[in-house]
1. Right, Val57: of a type in the set (Val, Ile, Thr) and either in a loop (DSSP other than H, G, I, E, B) or within 30 Å of Ser136 (Cα to Cα) (or both) or not?
2. With under 13 Å from the mean Cα position of the chain (by Cα) and within 16 Å of the ligand (Cβ to nearest atom) as the only criterion, which of Ile169, Ile204, Ile213, Ile223 stands out?
3. Kindly list, by first and then second residue, each pair from a residue in the stretch 146-161 that is among the aliphatic types (A, V, I, L, M) to a residue that is surrounded by fewer than 24 Cβ atoms within 10 Å (Cβ to Cβ) and in a helix (DSSP H, G or I), limited to pairs with Cβ atoms under 6 Å and residues at least 6 apart or on different chains.
4. Scan the stretch 254-298 for residues that are assigned to a helix (DSSP H, G or I), surrounded by 18 or more Cβ atoms within 10 Å (Cβ to Cβ) and not hydrophobic (A, V, I, L, M, F, W, C) and jot them down.
5. Just to check your reading of the model, which residue among Ile362, Ile392 is within 16 Å of the ligand (Cβ to nearest atom) and in contact (Cβ under 8 Å) with a residue 40 or more places away in the chain?
6. Looking at (1) more than 16 Å from the ligand (Cβ to nearest atom); (2) aromatic (Phe, Trp, Tyr); (3) more than 17 Å from the chain's Cα centre (by Cα), find the lone condition where Phe412 falls short.
7. Could you figure out which of (1) modelled with pLDDT of 95 or more; (2) touching a strand residue (DSSP E or B) at 6+ places or on another chain (Cβ under 6 Å) isn't true of Leu445?
8. Within the stretch 446-483, track down each residue that is touching a helix residue (DSSP H, G or I) at 6+ places or on another chain (Cβ under 6 Å) and acidic (Asp, Glu).
Amino acid sequence: MSNNRKNKIFIQTKILLDKKKTSCVDIVESFLKNINENNHLNAFIEVFASEAREKAVEIDKKIKFSKAGKLAGMIVGIKDNILYKNHKSSAASKMLENFISPYNSTVVKRLIDEDAIIIGRLNCDEFAMGSSNETSYFGKVLNPVNNKKVPGGSSGGAAAAVKAGLCHIALATDTGGSVRQPASFCGVIGLKPTYGRVSRYGCIAYASSCDQIGIIANNISDIAIALEIIAGRDDFDSTVSSLSVPEYSKFERLSSKEKKIKISYIKNCLNNKNLNSEIKNKFLKTIKSLKEKGFEIKEREFPLLKYLVPVYQIITSAEASSNLSRYNGVNYGFRSNDINDVDSLFTKSRTQGFGKEVKRKIMLGTFVLSLEYYEKYYEKAQKLRRMILDEIDKILSDSDYILLPTTPTPAFNIGEIKKPVEMYMQDIFTVLANLTGKPAISIPLYLNSCNMPFGMQIIADSFRENNLFEFSNFLLNDILNDK
Ligand code: GLN
């Protein structure tokens, strides 16, 4: 067990590697063993075992000649919507079941250029739509903390794999909370960077104005070093900022005497009727500890809270209906056999290739974009999105961080939530960062009375990932450890 625990954190593995106490070959073998022993979780759709072994031999040789990259020894899982050249990438959909990527996503290329090893592709909700990983064409994922519970979604495989020690870090997309919500449910750390911090070239699009690639890990330093490698300008993605990339891995260690930091929390979030009372109490307890340590705490109102999920749903379904129109059975992807003309080719390929939730989103998106309803829904949602951003900018203009619960409840039982709208409400606290583009991180807060973890979410102003690392590291070590 202690060996397993050490395994979970890259910076610890790296120390052993630097001291020649382990090798990449050993590291890969121990992860493959963990993966085998945890097959029941269904976290991976595919494991690249023999390839990982070959890479490990190559990297061990590079280490011997001091030629290895910064991430030598790091074992990475990638969500099944992030492309890896000559490997399948299906977005957990029948539609792309046999799609093989002809090129690398920028994030994968940057990681392998630094000698990280990609160990496999991780299960997720179909086309990253969902909050429980129950919509995957490849079956549900179990929460490693309690196998009766969902791991969260859409990156359920990613969070489960990191928690169970099946990879050091996972790369996953976060459009409305898909990195942070499963991180909260599984008791690991999940970062959604600022919109435009990380290239999305080679990432299967869901809702382009919200999609961002994030990182899940067991430790802040692992996230920081991975972000340092994947972030920054990319000629293949014009939405990426050309701001220089700080040395995230050298983030400062805050001292508890730091008194200048201002923190806001949103009172009406805590009074939200969907918020579980144990989460609320532990959240307030953390706020109290921060106050006692001398931080300046401000209580704010955010009256637009009730619009977050509706605005998010309208905008993302509109964008999804457009992004997913390319899967028509003609160019690539699933094609129905049972066709007699071009209309039935489109209709049947889409009917048979997509699952229920994806179809629901496409239909909703087509509806809100239709001539008759555009003004009433889509345009209104865009205006509200602007107002939400203005409000959040106002709060961040006089505070460094906004603290929120990550999720309204801890992980629920598999099969428990049946109504789509109830599932959508799971995202109430996470979509804020996507609608505004702000960076946000979820860190494990406490365990509830049934021993299920839940997270605290920290939002900062755009491109302040460094501050998120400083503050969450402090919270984890100085506040949450000192109960
Ligand atoms: N649950 C949200 C949705 O289905 C978020 C998904 C995500 O972030 N990819 O839209």
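The values are calculated or read from the model by the stated rules, or taken from the named source; none is laboratory data. Keep in mind the model is a prediction, meaning the values are calculated, not measured. Cβ: placed from backbone, ideal geometry, glycine included. Neighbour counts: every protein chain shown.
1. On the way: of a type in the set (Val, Ile, Thr): yes; either in a loop (DSSP other than H, G, I, E, B) or within 30 Å of Ser136 (Cα to Cα) (or both): no.
It is false that Val57 is of a type in the set (Val, Ile, Thr) and either in a loop (DSSP other than H, G, I, E, B) or within 30 Å of Ser136 (Cα to Cα) (or both).
2. Values: Ile169 fails: within 16 Å of the ligand (Cβ to nearest atom); Ile204 fails: under 13 Å from the mean Cα position of the chain (by Cα); Ile223 fails: within 16 Å of the ligand (Cβ to nearest atom).
Checking each option against the conditions leaves just Ile213.
3. Hits for this filter: Ala160/Leu41.
4. Selection gives Lys282, Thr286.
5. Numbers: Ile392 fails: within 16 Å of the ligand (Cβ to nearest atom).
None of the other options fit; the residue is Ile362.
6. It is condition (1) that Phe412 fails.
7. Here Leu445 clears every test but (1).
8. Asp461
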